[in-house]
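What follows draws every value from the coordinates through simple rules; no lab data is involved. As the structure is a computational prediction, the values presented were derived from the model and not from experiment.
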Amino acid sequence: MNKLAFATVAAIIAFSAPALAAAQKWNVTEERASGIKTGQGTWAVTTDGDKLTGTAALQLDNGQPLTYSLDGAIKDGVYTVKLENRTDDKKGCVWTGHAQNATADGRSKGFVGDLVCDGAKMIIRANGM
């Protein structure tokens, strides 16, 4: 009986480990450095410890869809995320973001940071849903 109980507990732990990763959906806006919005949509983000992965689905201001994948890390509250395989053909895109000032109850208002693609600088603002 003890072997059966041990096997059951081991199976539950093994199958629960992937569920420990936190999946979230973030509303995202990409803006030019001047503050003019260029696109908005969502990021489907999964965090597992200090690792962040996901996908993006946005609509550009000209009506065209924009998709890409996310791959990055979180260290000391700073998000460093590569935006790979962008359908707008921008290359070498890295977003470095951080939480914005917290509300009175201590919750974050979202994230903001610079996006650099091929030397061009933009801004991404994100809010978890």
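Cross-link partners of Lys121 among aspartates and glutamates, defined as those whose alpha carbon lies under 20 angstrom from its own and excluding same-chain residues fewer than eight positions apart: Glu30, Glu31, Asp61, Asp71, Glu84, Asp88, Asp89.
If you wrap the Cα atoms of region 21-128 in a convex hull and average its projected area over all directions, you get 6.8 nm².
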